[in-house]
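The values are calculated or read from the model by the stated rules, or taken from the named source; none is laboratory data. Keep in mind that what you see is a predicted model, and the values were worked out from it rather than measured. Note that each Cβ is placed from the backbone with ideal geometry, even for glycine, and that neighbours are counted across all protein chains shown.
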Amino acid sequence: MADDATPKQDEQEPQPVEAAADESVESAAAPAEEAAPDAVAKEPAPAAAGSEAAAEKPAAEPEAEVEEDEAPAAPREKPAIPGMDLEIDIVPEGMDPLARAEAEAEAEAAAAAEAEEEAHDQPVAATIDLAASARYTATGKRKTAVARVILKPGTGAYTINGKTLDVFFPRPTLQRNIRQPLEAVGYESRMDVVATMTGGGVSAQAGALRHGISRALLEADPNLRGELKRRGFLTRDSRAKERKKAGLKKARKRPQFSKR
């Protein structure tokens with residue numbers, strides 16, 4: 001039995017340490033030698049990339065030079081002082097700035113109104129036949145008032161229901177409104193007005209008479225339509241009193257409400 005065990009131990013004896021070390025050194029050297037050619041082959045690649053970049057850089061530099069030549073740098077300007085274009089607005093001591101602004105607005109409105117009045121005061125060029133037998137008739141209305149007007153050559157006299165203008169319309173404001181159409185065309189002293197008034201009150205009759213005179217001037221010269229319409233003489237004033245409603249005291253006034 002002992003003889004049988006001895007040969008097995010001889011077969012299983014380990015190899016010497018020196019031989020194992022030699023094998024490990026050879027195996028480590030072999031991969032290093034294999035990797036070395038690959039590294040040598042790969043080293044020229046960065047040089048090629050560098051050469052390409054070097055070739056591209058000179059090509060890009062001329063373009064930059066061309067752009068600089070085409071667009072020269074503008075000289076630097078000194079910035080303007082902020083608020084240099086503003087006007088000096090000093091409010092005196094003790095004066096309300098809001099009151100000053102309101103006064104300026106009122107002055108501008110008054111100037112605009114004067115300019116409009118001046119434009120309206122300028123007479124319109126009209127060609128009206130002033131023969132002795134010339135008669136121009138028209139009808140004007142305002143609220144429930146009706147004015148039947150006759151224009152004829154004369155000296156600028158107004159006859160309304162057999163009375164003069166000052167007697168029939170004592171208010172200067174109404175007289176001025178009635179004279180506006182003839183003054184606009186420059187015939188206030190060359191034509192007479194004969195009118196018959198019916199219905200309405202004093203203010204409504206004045207509006208109806210002005211409307212009738214304007215329409216009679218249109219019969220005398222149709223070319224006056226644009227100017228008379230622009231000034232509002234041909235537009236019938238449609239304003240009227242609103243009718244009373246059922247259950248109300250007036251058109252919109254309600255009875256007083258009492259909770260208890």
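Structure values in brief
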item: Candidate set: the range 169-178, residues that are free of Cβ contacts under 8 Å to residues at least 12 places away in the same chain and not polar (S, T, N, Q); chosen: the one surrounded by the most Cβ atoms within 10 Å (Cβ to Cβ); result: 176
item: Scan of the range 219-242 for residues that are in contact (Cβ under 8 Å) with a residue 12 or more places away in the chain, within 17 Å of residue 142 (Cβ to Cβ) and either of a type in the set (Val, Ile, Thr) or touching a helix residue (DSSP H, G or I) at 6+ places or on another chain (Cβ under 7 Å) (or both), ordered by number; result: 228, 231, 233, 234, 236, 237
item: Residue 178 closer than 19 Å to residue 228 by Cα, touching a strand residue (DSSP E or B) at 6+ places or on another chain (Cβ under 9 Å) and among the β-branched types (Val, Ile, Thr); result: yes
item: Qualifying residue in the range 205-212 (condition: at pLDDT 95 or above, touching a helix residue (DSSP H, G or I) at 6+ places or on another chain (Cβ under 9 Å) and polar (S, T, N, Q)); result: yes
item: Of all residues in the range 179-216 being within 21 Å of residue 235 (Cα to Cα) and of a type in the set (Lys, Arg), the one that is surrounded by the fewest Cβ atoms within 10 Å (Cβ to Cβ); result: 179
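Conditions (1) more than 17 Å from residue 219 (Cα to Cα); (2) in contact with a strand residue (DSSP E or B) (Cβ under 6 Å, 6 or more places away or on another chain); (3) modelled with pLDDT of 75 or more; (4) part of a loop (DSSP other than H, G, I, E, B), marked per residue:
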| position | (1), (2), (3), (4) |
| --- | --- |
| 63 | yes, no, no, no |
| 66 | yes, no, no, no |
| 69 | yes, no, no, no |
| 104 | yes, no, yes, no |
| 128 | no, no, yes, yes |
| 147 | no, yes, yes, no |
| 152 | no, yes, yes, no |
| 156 | yes, no, yes, yes |
| 159 | yes, yes, yes, no |
